[in-house]
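Taken together, the values in this text are just the output of simple stated rules run on the coordinates, not laboratory data. Since we're looking at a predicted model, the values are computed, not measured. All Cβ positions, glycine included, derive from the backbone under ideal geometry; neighbour counts span all protein chains shown.
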Amino acid sequence: MTNQSSSYALLCASFNQDNSGFAISSKDCLKIFDSNIGRLCYERAIGGFTIVEMLFSTSLLAIVGAGEQPSLSPRRLCLFNTTTGTALRELNFLTSILAVRLNKKRIVVVLQEKTYIYDSNSLAILETIDTVPNHKGLCAFSPSLDGCFLALPASTIKGSVLVYNVMELHLHCEIDAHRSPLAAVVLSSNGMYIATASEQGTIIRVHLVSEATKSCSFRRGTYPSTIYSLSFGPSLHLPDILVATSSSGSVHVFFLGLAIDQRSRRSSSLLGSILPNSVNDAFDPAHHHVLHNAFSAGVKSYAVVHKVDKVANTSSSDSVAFKANILIITFNGYFQEYTLCINNQNESSWSLEREFNLLTVISDNSKSSRYCSEECINP
């Protein structure tokens, strides 16, 4: 999540590809944290950035300046090594960079009307995609090399999505998801599912990427709200849950497995095969759990699913059958970790495990500490 209003304490915030770490930038510096323990691992006071993207747990960052200093142009992408404190390579563009996504083989750079795909090692341009005006830099990326997809808006008047195969460099499909323009989109890490929300923010839809077919839909609420973020659970197969944050200050968790299974059963039934999708598209509240007032209404936020635990064969109705750790960054500068527990009666309880100010936290070794358990790639 990038390119936020200057009225916020944070200019950008992003989790790495497996949510084990996250990076933030204020107008003065960038910081990297370990998601598991909330420890500040790296800090560098070199100005403000609108984009800071990590490559898993390596020392490589892709950074784009906020333009408040001549050396931090919003049109320049810098590949930065946190271990050496040096720039490895730079790429310059004619217009501002709105989003960057990367894995070990590809770097994606999103501009307002063009998107570029690069080879991560040689930095050779592999593909240039002409897009509809994408003022917010809206995109989604699945980092898996086996299911590496990129999703971009296909229209400015309705919520349709173009899905590209980034490794094989071709258009995979186009999905018509909403009647209103897109506000949020996310791909599961394995590239199997894509979730979308429109500017109305009342319905969130999940599609199976391989077949470009709708798997299920969820109703967030009755009244319009801006969806700030969408994130799938970390499962390598069927994602367990989908989490969303909205301008109402709420966190929404939707259970995918049961919803997709129920839709499959309906579709295979005689009645389900006769009814159109608009009628067959049920919204079961049992799949939806909400934490109200997690943060102030209107404060932009970014939430991810850090960990999911399922307990099998529990006999007691009060026993915890499902537990998820939800990590939230609010752009007024706070980090929160919540645990969501669901018992066998589908009753939910939320508990706040940690909360701290990202701007004031300090580390005795912030300049020398590293967040890197793998070797940095060498462009």
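Normalised by the number of residues in region 1-97, what is the relative contact order in percent for Cα pairs under 8 Å and 6+ residues apart?
Working: 246 pairs, mean separation 17.5, N = 97.
In percent, rounded to a whole number, it is 18.
With Kirkwood's inverse mean 1/r over C-alpha pairs for Rh, give me the Rg to Rh ratio of region 1-97, two decimals please.
Values: Rg = 12.5 Å, Rh = 13.3 Å.
Across region 1-97, the Cα-based Rg/Rh ratio is 0.94.
Under the classification rounded if a/c is under 1.5, otherwise prolate if a/b is larger than b/c and oblate if not, where does region 103-256 fall, given a ≥ b ≥ c as square roots of the Cα gyration tensor eigenvalues? Don't skip to the end; give the middle numbers.
Numbers: a/c = 1.91, a/b = 1.43, b/c = 1.34.
Prolate, because a/c is 1.5 or more and a/b exceeds b/c.
I need the Kirkwood Rh of the chain: take the reciprocal of the average 1/r across all distinct C-alpha pairs and report it in angstrom.
On the way: mean 1/r = 0.0471 Å⁻¹.
In the chain this quantity evaluates to 21.2 Å.
What is region 38-164 by shape, rounded, prolate or oblate, if you read a ≥ b ≥ c off the alpha carbon gyration tensor as root eigenvalues and call it rounded for a/c under 1.5, prolate for a/b larger than b/c, and oblate otherwise? Here region 38-164 falls in the prolate category.
The count of lysine pairs in the chain with alpha-carbon distances below 16 Å, taking only pairs 8 or more places apart or on different chains, stands at 6.
Hey, can you rank 180-189, 287-296 by average C-beta count inside 10 Å, highest first?
Working: 180-189: 22.8, 287-296: 17.6.
Packing order, densest peptide first, comes out as 180-189, 287-296.
Report the charge-dipole magnitude of the chain in Debye, nearest 20, computed about the Cα centre from +1 at each Lys and Arg Cβ and -1 at each Asp and Glu Cβ. All intermediate terms of the calculation are to be shown ahead of the outcome.
Details: 29 positive and 30 negative charges, 78 e Å.
The dipole of the chain has a size of about 380 debye.
Simple rule: put +1 on each Lys or Arg Cβ and -1 on each Asp or Glu Cβ in region 1-97, find the dipole, and look at 22, 12, 70; the Cα lying farthest toward the positive end is 70.
With 10 angstrom as the radius, rank 245, 84, 222 by how many other C-beta atoms surround their C-beta, starting from the fewest.
Numbers: 245 31, 84 10, 222 7.
Ordered from fewest to most neighbouring Cβ atoms within 10 Å, 245, 84, 222 come out as 222, 84, 245.
For the chain, adding -39500 (n - 2.57) for each run of n ≥ 4 DSSP H residues and dividing by the number of residues yields -1500 deg cm²/dmol at 222 nm.
At a threshold of 8 angstrom on Cα-Cα distance, excluding pairs fewer than six apart, so keeping six or more, what relative contact order does the chain reach in percent? Could you put the intermediate results ahead of the total?
Working: 1005 pairs, mean separation 45.1, N = 379.
Once normalised by length, the contact order is 12 percent.
Using Cα atoms only, what is the angle between the long axis of helix 256-268 and the major principal axis of the chain, expressed in degrees (0 to 90) to the nearest 10? The helix 256-268 is inclined about 50 degrees to the chain. Around the Cα centre of region 25-87, unit charges on the Cβ atoms of Lys, Arg, Asp and Glu (plus for the first two, minus for the last two) sum to a dipole of about 100 debye.
Got a sec? How would 54, 192, 167 order by Cβ neighbour count within 10 Å, fewest to most? Present the calculation step by step, with values, prior to reporting the outcome.
Numbers: 54 24, 192 21, 167 18.
Ordered from fewest to most neighbouring Cβ atoms within 10 Å, 54, 192, 167 come out as 167, 192, 54.
Placing unit charges on each Cβ (+1 for Lys and Arg, -1 for Asp and Glu) gives region 1-122 a dipole about its Cα centre, and among 51, 83, 118 the Cα reaching farthest toward its positive end belongs to 118.
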